[in-house]
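No lab work stands behind these numbers, since they all come straight from the coordinates. All figures in this text were calculated on a predicted structure; none of them were measured in a lab. Counting neighbours? That spans all protein chains shown, and the Cβs are built from the backbone with ideal geometry, glycine included.
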């Protein structure tokens, strides 16, 4: 796994998205987040195709913090099965990656 990652989840509405984002940021587990509105999701759920408007949340963080971010998302989430996906950041501007280093809490693996 690379040193920098994006952790992605979805939320059912603004209130849930903000509750999840605030919890992660207040613990300094991510340098920033994006809440993307206007996403229509279609998925299989219990044998039926469901459609729901959701908010996509992207967190920029470090690989060694992923487990703590995932745990906090799952605590704050209301879905029975919450999506949590981790995408490696394989490259980025030196200043941006340095900023992530400065903003997240330094924790050992």
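Below, the figures for the structure above:
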| quantity | calculated |
| --- | --- |
| Number of the exception - residue 30 against (1) in contact with a helix residue (DSSP H, G or I) (Cβ under 6 Å, 6 or more places away or on another chain); (2) surrounded by 17 or more Cβ atoms within 10 Å (Cβ to Cβ); (3) not in a loop (DSSP other than H, G, I, E, B) | (3) |
| In region 43-59, the residues that are touching a helix residue (DSSP H, G or I) at 6+ places or on another chain (Cβ under 9 Å) and closer than 14 Å to residue 70 by Cα | 57, 59 |
| Residue 55 vs. criteria without any contact (Cβ under 8 Å) to a residue 40 or more places away in the chain and not in a helix (DSSP H, G or I) | no |
| Output for region 33-42, where each listed residue is exposed (fewer than 12 other Cβ atoms within 10 Å of the Cβ) and either in contact with a helix residue (DSSP H, G or I) (Cβ under 7 Å, 6 or more places away or on another chain) or farther than 30 Å from residue 104 by Cβ (or both) | 40, 42 |
| Any chance residue 16 is outside any strand (DSSP E or B) and closer than 22 Å to residue 80 by Cβ | yes |
| Filter result (closer than 15 Å to residue 16 by Cα and in contact with a helix residue (DSSP H, G or I) (Cβ under 7 Å, 6 or more places away or on another chain)) within region 64-107 | 72, 73, 76, 77, 78, 82, 84 |
